[in-house]
Amino acid sequence: MPVTPVEQKNDSAVLPYLATLNPEQREAVEALDGPLLVLAGAGTGKTRVLTTRLGHLLRTGTAQPHQILAVTFTNKAAQEMKERVSQLLDGRPVEGWWIGTFHSLAARMLRRHAERAGLENGNFTILDTDDQMRLMKQIAIAEGVDVKKHPQRMLIGVIDSWKNRALRPEDIGADEAGGLVDGKMSKLYRLYQERLLALNACDFGDLLLHMITLFRDPKNADILALYQDQFRYILVDEYQDTNAAQYLWLRLLAQKHKNICCVGDDDQSIYGWRGADIGNILRFEEDFPKAKIVRLEQNYRSTPEILQAANAVIAHNAGRMGKKLWSAGDAGEKINVRQVWDGGQEATEIGEEIENLQRRKHRLNEMAVLVRAGYQTREFEERFMTIGLPYRVIGGPRFYERMEIRDAIAYFRLVMQPSDDLAFERIINTPKRGVGPAALEQLHGFARQNQLSLFEGCLRICQTDILRPKLKHVLSGLMQDFLRWRAQLAELPPSELAGIILEESGYIEMWKQDKSVEAPGRLENLKELVAAVGEFENLGGFLEHVALVMEMQQNNHQDMVTIMTLHAAKGLEFDTVFLPGWEEGVFPSQRTLDENGIAGLEEERRLAYVGLTRARQNLYIFHAQNRMVYGNWASAIPSRFLGELPEELVEAHSDSGIYYSHQSRRETQFYVPRSSVPEASAVIDVLPSKKRSEAGIALGSRVSHDNFGKGTVIGVEGNKLDIRFDTAGRKKLMERFVTPLE
């Protein structure tokens, strides 16, 4: 039986779950009437507050299950909420739940009112991404759009961004559409929506868009009134991640009772690139006058030092409501900031530190390496495999398992081994070359008939009149490309050849033309791949290495280090966290700064805040003096975020004699004594070794390269030279590609 409000107010023992809350958490749970914004800092018990509030509404009889709308961003979060609330109700089953994601709840509504939205009935189909792509391609081709220049993935991405802002085809004016797709983008959107209705189908963006359209239409006022009357209480999780359409849907539903409780953290709004609008949480008090604001600031996860560092960094953002995390726990270790020479040393030192912690009985499952961009995982994967350190990559495939990497490697395999039919099949129509299933079957038949590999068969068939002239011309050109690349195997450094293959094949251009949110990351991964090839004597050696890497099987039940991006780490926590790559251009991301200016910088800083607050006990931040950028070595500048860390919280290390000095809250200088990091030639002077390469090139020798100019050898390993060029930076090359200077 539900307890009465009087019992709840006078005797908290009747409701034991309230006694487990701190004062701010309890305030958020018990403030049932009127709009409420709960600013829940990292590790402050957000989920407990949200589920306890929902259970409290039911336990006190304030509302019935069907009168509460509880919105999450994932099905997992919705299920967890149901389970926790059921526990608060002594395990009793609850019927009539309206708990779920934005899409699932909107779909539930739309199936009840499908005809009003122009659909035939409530059994409409929700298209997946592949179906969307096929449909859009048909429409684009029919309208004379060049899908090579404007891939359907890009077209769908534009439409999805409009739907995230609740814009229908009729809302797209000339200013909004601009010159997209030669002025045809708004028409493509209209035709796409018409085809969806004809198919009695929706995409995910339509689920909210159709309901918002119905809610706003005076002719359908009864539908909005139905849900406004029904939902007396609305609870929203991760409110800082809502986009414009989600915001409008919630606001329309909450207008009658105004009992809306939004839980979120403005300092963890890190998904602007996929439509999230931090303004939704910042203007909550404007949208709901007399709203109550409760700040959850007591952190139950991290040491005081980590929290103070996170507070200091995020304080530099102007677009925030303000709060300070604190902990009642004991003092912990200072934040370990390390400067290293390059990415290789960074991966080596992190691997060594993990092994040291492991020897001190720290579990690998409680350690994580959190990177800004996916391409950064490669060096850590390579190093961890070398030393036999078990790891997992979360939030995406391992580096060599990524689609674009597999495609690129297929090109390399076919150059090395033309009889590799699997590689041929993978890339013959990637990028699109007009080789559809029928044409590929024609190639297969010709090759089988003549007992040839697909590559050799393609060469031969192009000398006949069997193929259509256009296809024959395209394939003949591609085969000549492969023959030319194969002839260059002995002439060019492997990384240079790898870059040429990806450029001349059109594969790089394909991703440059792709306007999806994944495309920039795929291009970064390809650049990292080219850099990785340069670490080997030849392309064959690299491919052999990749084959061995791919052979390793992942054991999901093993104790393993986690490698993941900062975006994927949100909501997780680890005893020990390593944050590599804290340099300008890497973190904060130069691309984000270029595209979004100050707003982009503030989102990058929120991402830094997320990274810092993932650590419970130990936090390591690394930055390198040198980074391989697009295949070239460049000097790196420490991230501005390092300068925002309070000096008293930092313990800095460097193997180069570089020490940390805190100049101001906005700037960190890493002073380099001239005696500790001299020029390359002076470094050579103090090296005790007189090591020489296999051909006799000594450490410290001056050499010349056709493309990179003159440089000094600063490292020798067999027939591989580590060279600092006077103008091109640091590079690793095989000795046969350079000429010794007298």
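Brief remarks on what is shown
- Segment 81-127 and segment 694-726 have Cα centres separated by 66 Å.
- Eligible lysines near K570 by straight Cα distance, threshold 22 Å, same-chain separation 8 or greater: K46, K76, K82, K323, K324
- Highest-first packing order for the peptide set 286-297, 361-372, 37-48 is 37-48, 361-372, 286-297, based on the mean count of other beta carbon atoms within 10 Å.
- Computed Kirkwood radius, in angstrom, where 1/r is averaged over Cα pairs of segment 361-406: 11.6 Å
- Relative to the longest principal axis of the Cα atoms of the chain, helix 469-487 runs at roughly 60 degrees.
- Expressed as a fraction of 2.2 N^0.38 Å, the C-alpha radius of gyration for segment 90-240 is 1.19.
- Environment charge of A569, counting only residues whose C-beta is closer than 12 Å and scoring Lys/Arg +1, Asp/Glu -1: +2
- With respect to the chain, whose longest principal axis is taken over its alpha-carbon atoms, helix 590-612 is tilted by about 70°.
- Volume per residue that the Cα convex hull of segment 442-553 spans, once the total is divided by residue count, Å³: 158 Å³
- Largest-first principal axis extents, alpha carbons of segment 220-325, Å: 55, 28, 23
- Cα gyration tensor shape for segment 289-374, rounded if a/c is under 1.5, else prolate or oblate: prolate
- In terms of its alpha-carbon gyration tensor, segment 166-240 comes out prolate; a/c meets the 1.5 threshold, and the first ratio a/b outweighs b/c.
- Shape of segment 111-150, Cα gyration tensor, a/c cut at 1.5: prolate
- For the chain, the convex hull spanned by the alpha carbon atoms encloses 198 Å³ per residue.
- Crossing angle, helix 244-254 versus the chain [Cα axis fit, 0-90 degrees, rounded to tens]: 10 degrees
- Rg then Dmax, both in Å and based on the Cα atoms of segment 269-313: 14.6, 37.
- Protection proxy ranking for 408-417, 141-150, using the average of other Cβ atoms within 10 Å per residue and placing the highest first: 408-417, 141-150.
- Distance (nanometres) between label positions extended 7 Å along Cα→Cβ at V474 and D128: 2.6 nm
- q = 0.16, 0.20, 0.24 Å⁻¹, segment 199-264: log10 I(q)/I(0) [Debye, one scatterer per Cα]: -0.58, -0.86, -1.10
- Cross-link partners of K187 among lysines (Cα-Cα below 23 Å; sequence separation of 8 or more within a chain): K137, K148, K149, K163, K515
- Per the Debye formula on identical point scatterers at the alpha carbon atoms of segment 75-172, with no solvent, log10 I(q)/I(0) at q = 0.17 Å⁻¹ is -0.97.
- Loop chymotrypsin sites (Phe, Trp or Tyr not before Pro), segment 259-306 (other Cβ atoms within 10 Å of the site Cβ: 16 or fewer; DSSP): Y300
- Here each label is just a point 7 Å from Cα along the line to Cβ, and for E595 and E176 those points are 2.1 nm apart.
- Our note on the geometry: Cα centres of segment 430-505 and segment 243-312, 54 Å apart.
- Its alpha carbons considered, segment 10-153 gives a radius of gyration followed by a Dmax of 21.7, 72 Å.
- Under 27 Å from K732, Cα to Cα: lysines that are on another chain or at least 8 residues apart: K527, K690, K691, K710, K720
- The residues of segment 41-177 have, on average, 46 Å² of accessible surface per residue, using a 1.4 Å probe with all protein chains present.
- Carbon-plus-sulfur accessible fraction, the chain (probe radius 1.4 Å, protein heavy atoms only): 48%.
- Cα-projected label distance for R359 with E491, points at 7 Å along beta-carbon direction, nm: 5.1 nm
- More than 19 angstrom apart: percent of Cα pairs within segment 385-464: 49 percent
The values are calculated or read from the model by the stated rules, or taken from the named source; none is laboratory data. Not measured: the values here are computed from a predicted model. Virtual Cβ from ideal backbone geometry, glycine too; neighbours counted across all protein chains shown. Side chains are part of the model used for accessible areas, which takes the heavy atoms of the whole protein and leaves out ligands, DNA and RNA. Shrake-Rupley method; radii C 1.70, N 1.55, O 1.52, S 1.80 Å.
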